[in-house]
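Asker: Encoded as structure tokens, here's the structure I'll be asking about.
The values are calculated or read from the model by the stated rules, or taken from the named source; none is laboratory data. Please read these numbers as outputs of a predicted model, since none were measured by experiment. Here Cβ is always computed from backbone atoms with ideal geometry, including for glycine, and neighbour counts include all displayed protein chains.
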Amino acid sequence: MAIAHRPQKISLLGLQQSLVHPLLNPEAYSWDELATIVERVGAPKFLQQTKQHGLAPLWFERIGQNTPDTPVFQKVLPALRQERISNIGTSAIRLAHAKQVQQNLFASNIPSVIFKGMHLSLAVYPESALRPSADIDILIPSNLKKQATHSLLKTGAKFEPTANTIDYQCAFHLEQQEVDLHWHLVRQGRVTAESNQIMLQNPTKIDGLIVPNDTAALFAMLTHPLLSTRPGAQDSKLVRLIDLAFWLRQRQPDMGSISGILERTGTQPVAWLMNEWLKRVTHEELSLPFPARLIPSKRKQKWLARWLPGENSRIGYNNGLAVQLGYRTALHNSIGSALQELLALTKCRATATRELRHFLCLIANGRD
């Protein structure tokens, strides 16, 4: 039986490794070692972190069966069990809503794919309820956003657009489930317009849902998380590393196709950084074999790596300008494309309220 210890100070990288690695390598950890992880993090923080990062159901599967009578496990098991049970119900409801929404879009001749968390929960997890998803993410062609909005409204969804995101997505609520309708993969300027075509081209089906093909799904996993936030930021989710790790273990990636897509969309640096984050958190056990032409220069590698959890991480994390200039510009292939993002962001902020009003008028008047 593990000896109880007070929570210890733990680095950001150490925390991420402690939360992720035992889930990917369950046979490598004894009960005493698992108890030590919970003790080292501290039971309250362990519960908060596993819930925040979407790992609570997986952790319950790991320690919820044949658990030794160790006090530290008894402190966390009830809450983990509740998260596990709760997600069973919500995942079933979410799947039903996703099918309904997509069927309505199909009936209106609007192509769509369900992507991100919901797709991956069905594709690579032994049970979809093991992978929490905060919402249903649907991607459509950008020229059909008005028609898609009307289609969602017909399902009874509540329209909740905001100026912050109107340039690339709009939120709806359908019976307490959030539906995010995307007409761009991420905020404009962060990737080329071709990314939408890549995600929508040659889709496949799983459990009655239309989803991206394997190469497109891998492209999204390698780019979307770190184009949206930073490793270690409050809104980053470690479950996205689990997604990628499970995918790499179960799929044989077509590196020729994915390399071409990354080059065409100018996303080699962000994909490389996502791959490095996975390597760092999994102790180098999992990674993609990136061809040399996709690997940034040593100077750029060194700078990008400083944004990963580790001894030199957290540069500018609390400074918006530093993040914009130091992190986001480094994710681009050239100064030119970085400037395009800055210009797109500046334009978006300046015109967001006007664009939102214009969009609401189009919807209200039923005009293109």
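Asker: Would segment 150-159 turn up any residue that is assigned to a helix (DSSP H, G or I) and either crowded, with 17+ Cβ neighbours inside 10 Å or of a type in the set (S, T, N, Q) (or both)?
Answerer: First, the residues of segment 150-159 that are assigned to a helix (DSSP H, G or I): 150-154.
Going one step further and asking which of them are either crowded, with 17+ Cβ neighbours inside 10 Å or of a type in the set (S, T, N, Q) (or both), we end up with 151-152.
Yes, some residue in segment 150-159 is assigned to a helix (DSSP H, G or I) and either crowded, with 17+ Cβ neighbours inside 10 Å or of a type in the set (S, T, N, Q) (or both).
Asker: Anything in segment 134-147 that is of a type in the set (A, V, I, L, M), farther than 24 Å from Asn87 by Cβ and under 23 Å from the mean Cα position of the chain (by Cα)? List them, or say none. Before you say what the answer is, go through the steps one by one.
Answerer: The initial filter retains those residues of segment 134-147 that are of a type in the set (A, V, I, L, M), namely 134, 136, 138-140, 144.
Imposing the further condition that a residue be farther than 24 Å from Asn87 by Cβ reduces the set to 140, 144.
Matches in segment 134-147: Ile140 only.
Asker: Further question: I need the strands (runs of 3 or more DSSP E) fully contained in segment 174-259, keeping only those with at least 3 residues that are surrounded by fewer than 21 Cβ atoms within 10 Å (Cβ to Cβ).
Answerer: Numbers: elements: 177-182, 204-206, 209-211.
Answer list for segment 174-259: 177-182, 204-206.
Asker: Please determine, by comparing only the residues of segment 292-306 that are modelled with pLDDT of 90 or more, of a type outside the set (Gly, Ala, Ser) and in a loop (DSSP other than H, G, I, E, B), which one is nearest to Phe246 (Cα to Cα).
Answerer: Ile295
Asker: Can you pull out the residues in segment 43-73 that are over 11 Å from Leu19 (Cβ atoms), touching a residue at least 60 places away in the same chain (Cβ under 8 Å) and part of a helix (DSSP H, G or I)?
Answerer: Pro57, Glu61, Pro71, Val72
Asker: Just need a number here: residues in segment 12-29 that are surrounded by fewer than 17 Cβ atoms within 10 Å (Cβ to Cβ) and among the aliphatic types (A, V, I, L, M).
Answerer: 2
Asker: What are the residues in segment 170-181 that are under 22 Å from Gln147 (Cβ atoms), of a type outside the set (Val, Ile, Thr) and either touching a helix residue (DSSP H, G or I) at 6+ places or on another chain (Cβ under 9 Å) or at pLDDT below 80 (or both), if any?
Answerer: Keep residues of segment 170-181 that are under 22 Å from Gln147 (Cβ atoms), which gives 170-174, 177-181.
Subset that is of a type outside the set (Val, Ile, Thr): 170-174, 177-178, 180-181.
Matches in segment 170-181: Cys170, Phe172, Leu174, Gln177, Leu181.
Asker: From the set of residues in segment 91-111 that are in contact with a strand residue (DSSP E or B) (Cβ under 9 Å, 6 or more places away or on another chain) and polar (S, T, N, Q), which is surrounded by the most Cβ atoms within 10 Å (Cβ to Cβ)?
Answerer: Gln102
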